[in-house]
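Worksheet: the structure to be examined is printed underneath.
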Amino acid sequence: MYENLVSEAFEAMKSAYAPYSNYHVGACVLCRDGRTFRGVNIENASYGATNCAERSAVFGAYSYGYRKADIAALAIVSDGARIGTPCGICRQVLSELLESDTPIILSNGKETMETTMAELLPMSFGMEDLA
Ligand code: THU
C-alpha cells in the first residue's frame with residue numbers, strides 16, 4: 001500500500017539540498033482529497049537552520065489550508081543504509097500536525113515499514129497540556 005506515495009517521496013528526494021551531510025531525504029503528504037505535498041531536507045551553512053523533509057512537506061500542506069484531519073498518510077524516504085526515522089524535532093512537530101494514528105511509511109528503497117506518531121512519540125507533550 002501507498003506505493004505511489006512512496007514513489008513520489010523518492011522523486012522529491014532528488015531535489016534534496018544536502019551539501020553538508022550528503023544524506024538525502026524526501027517526503028510526501030497525501031491529503032484525503034488526493035492532493036500531495038512534497039518536501040525535502042534543506043540544509044544551511046549554519047547547520048541549525050536546516051529543515052527536515054517531513055517538516056517541509058507537512059508545512060506545505062498546512063500552508064494550503066490542510067489540517068491533520070485532512071491528511072491520509074505521510075511517506076518519508078532516504079538514501080541511508082538503514083530506514084531513516086524522524087528526528088526528535090520532527091517527532092514533536094508531527095505529533096501536533098498529524099493525527100496520532102495517521103499511517104507514516106518509511107523507506108530507504110531496500111526496506112519499507114509503516115508506523116504512526118503514537119508509536120514514534122508516546123507520552124508526548126502537546127496543546128492539551130497547556131489548557
Ligand atoms: N533529516 C531529515 O530530513 N529528516 C529527519 O527526520 C532526519 C534528518 C535531514 C536533516 C539533515 O539535512 C540530514 O537529514 C542529516 O541530518
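Number of residues in segment 17-36 that are within 9 Å of the ligand (Cβ to nearest atom), buried (at least 20 other Cβ atoms within 10 Å of the Cβ) and closer than 15 Å to Cys90 by Cβ equals 3. Just one of the numbered conditions (1) open to solvent by 60 Å² or more (accessible area, probe 1.4 Å); (2) without any contact (Cβ under 8 Å) to a residue 12 or more places away in the chain is not true of Gly88: (1).
Within this structure, Asp101 passes the test of being more than 16 Å from the ligand (Cβ to nearest atom) and open to solvent by 70 Å² or more (accessible area, probe 1.4 Å). Condition check: touching a strand residue (DSSP E or B) at 6+ places or on another chain (Cβ under 6 Å), more than 12 Å from the ligand (Cβ to nearest atom) and either free of Cβ contacts under 8 Å to residues at least 40 places away in the same chain or on the phi > 0 side of the Ramachandran plot (or both). Does Tyr66 satisfy that? Taking the combined requirement at face value, the residue satisfies it. A single entry from Gly80, Gly39, Gly109, Gly48 fulfils the requirement of being of a type outside the set (Lys, Arg), surrounded by fewer than 16 Cβ atoms within 10 Å (Cβ to Cβ) and touching an Asp or Glu at 6+ places or on another chain (Cβ under 9 Å): Gly109. So how many residues does segment 69-96 have that are under 22 Å from Asn4 (Cα atoms), within 13 Å of the chain's Cα centre (by Cα) and not in a loop (DSSP other than H, G, I, E, B)? Total meeting the criteria: 9.
Taken over segment 64-77, the residue count meeting the criterion of being open to solvent by less than 70 Å² (accessible area, probe 1.4 Å) and either over 23 Å from Phe10 (Cβ atoms) or at pLDDT below 95 (or both) is 3. Just one of the listed residues (Ala18, Ala12) is of a type in the set (A, V, I, L, M, F, W, C), within 14 Å of Glu54 (Cα to Cα) and touching a residue at least 24 places away in the same chain (Cβ under 8 Å), and it is Ala12. Does Glu54 satisfy the condition of being closer than 20 Å to Tyr2 by Cβ, under 15 Å from the mean Cα position of the chain (by Cα), touching a residue at least 24 places away in the same chain (Cβ under 8 Å) and in a loop (DSSP other than H, G, I, E, B)? Answer is no for this residue.
Against the criterion of being out of contact with any strand residue (DSSP E or B) (no Cβ under 6 Å at 6 or more places or on another chain) and among the β-branched types (Val, Ile, Thr), Ile89 qualifies.
The values are calculated or read from the model by the stated rules, or taken from the named source; none is laboratory data. Small disclaimer: the values here were computed from a predicted structure and weren't measured. Neighbour counts are summed over all protein chains in view; Cβ atoms, including those assigned to glycine, are modelled from backbone coordinates with ideal geometry. The protein model used for the area step is the full one, side chains on, heavy atoms only, and it has no ligands, DNA or RNA in it. Shrake-Rupley method; radii C 1.70, N 1.55, O 1.52, S 1.80 Å.
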